[in-house]
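A short reminder: the numbers here are calculations on the coordinates, not readings from a lab. Just so it is clear, the model here is predicted, and its values are computed rather than measured. When we count neighbours, we look across all protein chains shown, and the Cβ atoms used for this are built from the backbone with ideal geometry, even at glycine.
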Amino acid sequence: MSDKLIKSIKGINDILPEDVEILQNLEKVIYNIANQYCISEIRLPLLEKTELFKRSIGIGSEIVEKEMYTFEDNNGELISLRPEGTASCVRCALENNLIYDRGIKKKKYWYHGPMFRYENPQRGRFRQFYQFGFEYFGFSNIDNDVELISLCKRLFISKLDLTNIKLHINSIGNKEDRVKYAETISTFLKKYKNDLNQIQKNTLVRNPMRLLDSKDKKIQNILTDLPKFINVMSDHSRVRFESILEKLDELKIKYYVDNSIVRGLDYYNDTVFEWKHSSLGSQDAVCAGGRYDELVKEIGGVSVPAMGFAFGVERLLDLIRDNKKLSYTRPRILLINISKENSYKYFLKFEELRDKYHAIKFYNYNVDENSSLRAALQFGSKNLNCKYAVIIGDSELSDNLYTLKEFHAKNEDKKISQNELDKILKDINNG
Ligand code: ATP
Ligand code: MG
């Protein structure tokens, strides 16, 4: 490859056609599920005022401190590529009176698209990555916490067959509970001060709860004896959490109460959860979400209870690449014109086939002075992975006969009539 080629930016990847095909099928599954729950799609901009993320995700959070792509536009205004979708969704909903207009409206939205974070690129962690997100506004009842989790189960387990995916759930109570629990953590860790590295010591001062989701084995071991959050939190939040777990039991949704799920973003309260899959290595969280009753007020000045979740497409894609249901597409058919003249007639013939068989993928190949039938067949077999080639030349056109070649089969090529071709194509089209 020439040194002149300008390569892509580190951590910002192309998505190639094979994966796009799987993603298109995944998108169909998600559209259907969103429709089943009457959740409306919303399309949000990639750029927002930096202020929006500072106020929502929180100054002091890792994303705002270190990970945002922020720059001044020509007018000197600070803008950022969105690192996540919730803040934009709330901003949009408020700006357009979708969830508050002299009263709270109960609304459900979903969105998808690229997010940008200046992170250390590695497996499952990129600088441009894609998310699907779901947000519920105006609902404070626990039934909605349960509905969102049940929707995830429908998607991950019922539709995508990810039987080994695990729901980790926790409650982080209300603001006062978190202040109290931060003190519990600080007190508990006093005797382990010398076991912490400098970064952990800083986190202990700034945001002790973030130590709970540390990937460092040593601190994880120390924290096994830490009193659980549920023992410290207010009765209201504890009862709320216990009721959610009871409902999950009733729905036979398996879960693991996991005290280490605290979420990195500032805006969560009460229910928080992640869906994890062990085959993903250290970036094992596919989906994360929770309740954020204070965020709408933080951004827009009106109080609207809310909750949501988002899942990362790249990590999910790693889990579903081998799922035949998603990679299945009807076979492709190569249409080869070997006539030396009058090629427009062939084009019309091929277009007729497209008019009749909407679900089949046809690829036109004109054999001309720069190519050969052999090259055409090789292309169909190797590059396009076609099931059949339909070859048509001058004699075929006058006799209304086609030459049919079946790739990856031992059958001889054969001449077939229009009726026989129609029968084969009809079966594929409806299959
Ligand atoms: P993690 O702990 O893995 O960094 P997070 O808590 O920062 O995740 P969220 O901001 O809640 O994640 O995003 C939800 C989901 O989006 C994650 O569970 C993951 O699947 C995906 N995700 C987040 N950051 C990235 C990234 N840099 N690259 C690829 N996927 C990501
Ligand atoms: Mg992160």
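Please label the shape of the stretch 330-430 as rounded, prolate or oblate, based on the square roots a ≥ b ≥ c of the eigenvalues of the alpha-carbon gyration tensor (a/c under 1.5 means rounded; beyond that, a/b larger than b/c means prolate, else oblate). Judged from the Cα gyration tensor, the stretch 330-430 comes out rounded (a/c under 1.5).
Across the stretch 183-200, computed HN-Hα scalar couplings (Karplus, 6.51 cos²θ - 1.76 cosθ + 1.60, θ = phi - 60°) run 5, 4, 5, 4, 4, 4, 7, 3, 6, 10, 3, 6, 8, 8, 7, 4, 4, 5 Hz from first to last residue, x flagging Gly and Pro. Pairs from the table (Lys153/Lys228; Lys7/Lys325; Lys252/Lys324; Lys349/Lys405; Lys66/Lys107) lying more than 29 angstrom apart at Cα are Lys7/Lys325; Lys66/Lys107. Taken about its Cα centre, the chain carries a charge dipole of about 800 debye when Lys and Arg each add +1 at the Cβ and Asp and Glu each add -1 at the Cβ.
Considering all alpha-carbon pairs of the stretch 204-276, what whole percent are spaced by more than 15 angstrom? When all Cα pairs of the stretch 204-276 are counted, 63 percent exceed 15 Å.
Stokes-Einstein, applied to the Kirkwood radius of the chain over Cα pairs at a viscosity of 1.002 mPa s and 20 °C, places its translational diffusion at 84 µm² s⁻¹.
Beta-bridge orientation, the stretch 330-430: approximately 40 percent antiparallel, per DSSP, counting only bridges with both partners inside. Rg of the Cα atoms in the stretch 30-113, relative to 2.2 N^0.38 Å, amounts to 1.25.
Give the value in nm², to one decimal: projected area of the alpha carbon convex hull of the stretch 29-184, averaged over all directions.
Averaging across all directions leaves 12.3 nm² for the Cα convex hull.
Charges were assigned to the Cβ only: +1 to each Lys and Arg, -1 to each Asp and Glu. The resulting dipole of the stretch 330-430 about its Cα centre is roughly 480 debye. Considering only Leu397, His358, Asn385, and ranking their Cα positions along the charge dipole of the stretch 330-430 that arises from unit charges at the beta-carbon of Lys, Arg, Asp and Glu, the one farthest toward the positive end is Asn385. In terms of other Cβ atoms within 10 Å, Tyr267, Tyr255, Tyr192 run from fewest to most in the order Tyr192, Tyr255, Tyr267. Extending 7 Å from the Cα toward the beta-carbon at both Glu412 and Val239 defines two label points whose distance is 8.3 nm. Taking only the C-alpha atoms of the stretch 179-235, Rg followed by Dmax gives 10.9, 36 Å. Kindly provide log₁₀ I(q)/I(0) values, in the same order as q = 0.20 Å⁻¹, from the Debye equation applied to equal alpha-carbon scatterers of the stretch 210-353. Calculated log10 I(q)/I(0) at the listed q: -1.37.
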